[in-house]
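Readers should treat all values here as calculations from the given coordinates under stated rules, not as data from a laboratory. Predicted model only: the values in this text are computed from it and were never measured. No Cβ is skipped: glycine too gets one built from the backbone with ideal geometry, and neighbour counts run over all protein chains shown.
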Amino acid sequence: MKHLSPHKPQKSPAPEERTHVLDDDHWMGLALAAAREAEAEDEVPIGAVIVHDGVVIGRGHNLTRTRLDPTAHAEMLAISEAARAVGAMRLPLSVVYTTVEPCFMCAGALAHARVARVVWAVRDPKFGGCVSLGQVLSDPRLNHRALITEGVRADEARVLLQEFFRKKRES
């Protein structure tokens, strides 16, 4: 698992940041459960939850096929639900847990929402907008940057995605 700070070169997490590890595992489990809901609906199995002060304020899973909407990504749906829950368009001090690295669209929305931190399981080498193809959440030219942690429960997320696409290829 990597923890990246957008403000400093990569280094080991500070002692106070290490306390997040057990919570990260728990919250990512909820994101994985949301991803399984997507899979059950024949959607790409990606799930997201947004946590503020130890409470889930937003949750989503991919619904692009169901809604015929290319913007119905797990993160976008979770952001909308969280904003409604807090009654504001900004989500400062919130942490987003998603099973796959956010794309450029989702990363941009997370920056606009001013989330404090984004945690994901696996990178997306074809569309990832946080580290794979771009650095939306850590670009120093932007007025907001988020802390990034990747690799939490990566094996589970990877297997879920691989199995989904393997089944698609076979049918």
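Here the convex hull built on the C-alpha positions of the chain has a volume of 108 cubic angstrom per residue. Under the definition of Cα pairs under 8 Å and six or more residues apart, what whole-number percent is the relative contact order of the chain? That works out to 22 percent. Highest-first packing order for the peptide set 162-170, 44-52, 136-144 is 44-52, 136-144, 162-170, based on the mean count of other beta carbon atoms within 10 Å.
By the helix-only formula, in which each DSSP H run with n ≥ 4 contributes -39500 (n - 2.57) and the sum is divided by residues, the chain has a 222 nm mean residue ellipticity of -12500 deg cm²/dmol. Identify, among PRO140, HIS52, TRP120, the residue whose Cα sits farthest towards the positive end of the charge dipole of the chain, taking +1 on the Cβ of Lys and Arg and -1 on the Cβ of Asp and Glu, with the dipole about the Cα centre. Going by the charge dipole, the pick is PRO140. Expressed as a fraction of 2.2 N^0.38 Å, the C-alpha radius of gyration for the stretch 87-143 is 1.06.
Restricting the stretch 104-138 to trypsin sites (Lys or Arg not before Pro) that sit in a DSSP loop and have at most 14 other Cβ atoms within 10 Å of their own Cβ leaves LYS126.
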